[in-house]
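What follows is a short report on a single structure.
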């Protein structure tokens, strides 16, 4: 994403993850764990049969925009109510999509009237006709060894995950030149490429969604090809730098994509818009908007005031849910805004968690080599695991969050909403926000299953830890017994060297050694057998803590 560097230099450093098997000695990996039910739900996160499942959902006009320095609540509908069932997410996602199109990316048109083409062992051709206008483009194909049909990963512009590793894992590589569909170096009122040949050079849609539209048309052709060479139900997408932005948006806007893998996407990619102005050295929004017409024309109104946006990129992350998402980042380069990207991943992971698919999202910025789009030995194993899980359907590795201490975002600073417990079945949309006990912002879904309620009265507590180098986040679940709880206190002793730096959904007494946490005004009352959660962030190591709960 450092565009002042020449492209030839980028091509010499990108797309080359080490092929030799390599383990990172002594690395601390925070691996998500879920309950059996959550794991089962996550494993069933099949791709949708259509590009946009929510196309039939009514989307009301959001009305006037008001400033909000916190991240918008991804669970709150445009009408102000909150979703309460997993089945509600389909139309809530549709609302998010329309808002993102209207204010951030521009419109991604539905499938054109005619899409035809061919798939061979070496190439894909795409021919599009719509409203009397036509355009064509093509992509290269490299097959792995073995017999097909094969899953495939679309690599944008030659910048993305290591193609040798992708093929070695058993997936084909589709080499897609997005500039043939949306050309860079053009003014906003005269955009060029196959997309703009169809929809007009003055279209308000930015290049990122034009590129995404091109990938969707490739999938259309694969679907029509008969499936003897490539599988239409097992497509991934990846890209680095500007093409990481494109991969991120592509995966969010086509629900047929099983695995999305953006790399070092920077401003206009994964990092939250609200965080970029306050992140030292990050590419400013005005620069990302003006450098190329990546974002939609409408975003120009928000480059100096992102707090008035009704959406942010954590919701673009959420649009991918519950499908596979592996965000790879670089905390060494300030320009890439990795701290803001980690916040987007943490907040988006809350939607994954609410949908019971917390194991389907990974974020990794803890890398040793700071060169932009360089080889990353650290990513080779999780890359293989994601391909096995989401494209080959032969693995079930848990998601991994490894956030560099250089650029560790704190979700608690960015949200004033809580993650609901979504019911499995359909519900009637509530007329008021649900009153279920709030949950907390862990960096990943809880790493231990919740405890069973105590047999008698009182309360119990269980802690789960997400550890990284130099610090951790603890999520504590407080569960009432057979009698209601009207106030609680949780005590625990922190390991030597650990010190609490921040807490949410609880008052605390002490930062080191023996500390106590007590309820705040809205989560002290817990019905019998029900739970609430609080959390805290700390330096040091979080192993060995045993919480005890006292009811009041």
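The values are calculated or read from the model by the stated rules, or taken from the named source; none is laboratory data. Bear in mind that the values here come from a model prediction, so they are computed numbers and not experimental data. Note that we place each Cβ from the backbone using ideal geometry, even for glycine, and neighbour counts take in every protein chain shown.
Would you pick out the residues in segment 393-417 that are buried (at least 22 other Cβ atoms within 10 Å of the Cβ) and outside any strand (DSSP E or B)?
399, 403, 407, 408, 409, 411
Can you tell me which residue in segment 171-202 is surrounded by the fewest Cβ atoms within 10 Å (Cβ to Cβ), limited to those that are closer than 25 Å to residue 233 by Cα and either out of contact with any strand residue (DSSP E or B) (no Cβ under 7 Å at 6 or more places or on another chain) or not assigned by TED's automatic domain parsing to the domain that holds residue 131 (or both)?
Here the answer is 177.
Scan 262, 293 and give me the residue that is buried (at least 24 other Cβ atoms within 10 Å of the Cβ), part of a strand (DSSP E or B) and either modelled with pLDDT of 95 or more or touching a helix residue (DSSP H, G or I) at 6+ places or on another chain (Cβ under 8 Å) (or both).
It is 262.
Would you be able to tell me the number of residues in segment 91-114 that are closer than 14 Å to residue 316 by Cα and surrounded by fewer than 16 Cβ atoms within 10 Å (Cβ to Cβ)?
0
Here is a list of conditions, (1) out of contact with any strand residue (DSSP E or B) (no Cβ under 6 Å at 6 or more places or on another chain); (2) closer than 20 Å to residue 402 by Cα, and residue 362 meets all of them except one; can you say which number that is?
So the condition that residue 362 fails would be (1).
Among the strands (runs of 3 or more DSSP E) lying completely within segment 476-552, list those that include at least 2 residues that are more than 32 Å from the chain's Cα centre (by Cα) and at negative phi. Reasoning before the result, please.
Numbers: elements: 488-493, 499-504, 507-509, 514-518, 531-539, 548-551.
Output list reads 488-493, 514-518, 548-551.
Provide a single number: the residues in segment 222-238 that are touching a strand residue (DSSP E or B) at 6+ places or on another chain (Cβ under 6 Å) and either in a helix (DSSP H, G or I) or not assigned by TED's automatic domain parsing to the domain that holds residue 167 (or both). Spell out how you get there, then give the answer.
The initial filter retains those residues of segment 222-238 that are touching a strand residue (DSSP E or B) at 6+ places or on another chain (Cβ under 6 Å), namely 222-223, 225, 229-231, 234-238.
Those still in the list that are either in a helix (DSSP H, G or I) or not assigned by TED's automatic domain parsing to the domain that holds residue 167 (or both) too: 222-223.
Of the residues in that region, 2 qualify.
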